[in-house]
Amino acid sequence: MAMDKGIIYYTDNRIEGSKIFEESQKTILASGLPIVSCSLKPLEFGNNIVLEGRSRSYPTMALQILIALKASRNKYVFFCEHDVLYHPSHFDFIPEKDDVYYYNVNNWRWDYPKDRAISYDELTSLSSLCCNRKLAIRHYRRRLKMIKKWGLDEIRSREPRWARKFGYEPGTKKRRKGGVTDEDHIKRRSKYPNIDIRHDKTFSHPKTHLESFIHPPTNWREVTLDQIPGWDLKTLFNL
């Protein structure tokens with residue numbers, strides 16, 4: 001029996017119409033999985049839900065995620081974003097537990113449009129998450145409740161300090177350290193990597209240079225695009 005998997009996709013529409021936006025969607029569609037998208041403007045992509053009257057912010061993104069999660073009908077969901085190229089092997093994964101968040105740490109950050117990409121050990125991103133949908137719904141309900149209770153939804157910075165304190169990735173930060181819950185996560189590696197494209201309109205800071213990190217990550221690596229396995233990015237983007 002096929003595993004009950006689906007995709008939630010959230011976007012602020014800032015790069016709609018770009019090559020990055022189009023190629024990212026192609027990789028998501030290639031999975032063949034059902035898609036629920038939540039956008040700030042109408043979008044022909046999966047089952048689309050428009051969140052009207054909101055501007056780009058962290059609280060908006062968290063609400064988009066919850067809306068998409070509630071609209072999905074799949075047991076397990078992959079979180080997908082508009083500026084990531086997803087390799088088919090990323091979607092082969094099947095969660096073993098329903099109370100754990102799984103992060104694919106086989107990722108490269110492309111310093112777009114340069115011929116340069118970086119990675120490091122255990123590069124963990126929300127865009128690489130797969131988990132039980134109901135687990136994620138409980139988490140984001142709690143997260144949004146905390147945001148509203150503390151009046152944080154009025155802060156419109158794209159990457160506010162309090163959001164970093166919470167931790168963007170569910171299950172990666174315990175409450176004693178400022179996290180939302182005491183849930184757990186497990187890191188995994190797909191056969192081939194995903195490509196996180198760091199462009200000039202990214203929601204979070206690009207962080208493609210070592211000096212961007214307060215605490216230097218382990219096993220920092222820099223490569224040219226032709227050294228990334230499973231991809232021919234120069235041909236794909238006509239570089």
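The values are calculated or read from the model by the stated rules, or taken from the named source; none is laboratory data. What you see is a predicted model; the values in this text were computed from it and never measured. Glycine also receives a Cβ, built like all others from the backbone with ideal geometry; neighbour counts cover every protein chain displayed. Please note that ligands, DNA and RNA were not included when accessible areas were found on the heavy atoms of the full protein model with its side chains. Shrake-Rupley method; radii C 1.70, N 1.55, O 1.52, S 1.80 Å.
A few comments on the model shown:
- Filtered residue count, the stretch 27-50, keeping only those that are over 15 Å from Cys80 (Cα atoms), surrounded by fewer than 17 Cβ atoms within 10 Å (Cβ to Cβ) and of a type in the set (A, V, I, L, M): 1
- Of the residues making up the stretch 43-89, those that are at pLDDT 95 or above and either among the charged types (D, E, K, R) or in contact with a His (Cβ under 8 Å, 6 or more places away or on another chain) (or both) are Glu44, Lys70, Arg73, Lys75, Phe78, Glu81, Asp83.
- Subset of the stretch 205-235 (residues that are surrounded by 15 or more Cβ atoms within 10 Å (Cβ to Cβ) and farther than 17 Å from Asn106 by Cα): Pro206
- Qualifying positions in the stretch 173-197 - buried (at least 17 other Cβ atoms within 10 Å of the Cβ), modelled with pLDDT of 90 or more and assigned to a loop (DSSP other than H, G, I, E, B): Ser190, Pro193
- Among strands (runs of 3 or more DSSP E) entirely within the stretch 67-121, having at least 2 residues that are closer than 11 Å to Ile197 by Cα and under 15 Å from the mean Cα position of the chain (by Cα) singles out 107-111.
- Subset of the stretch 1-26 [open to solvent by less than 40 Å² (accessible area, probe 1.4 Å), within 27 Å of Glu96 (Cα to Cα) and over 14 Å from the mean Cα position of the chain (by Cα)]: Lys5, Gly6
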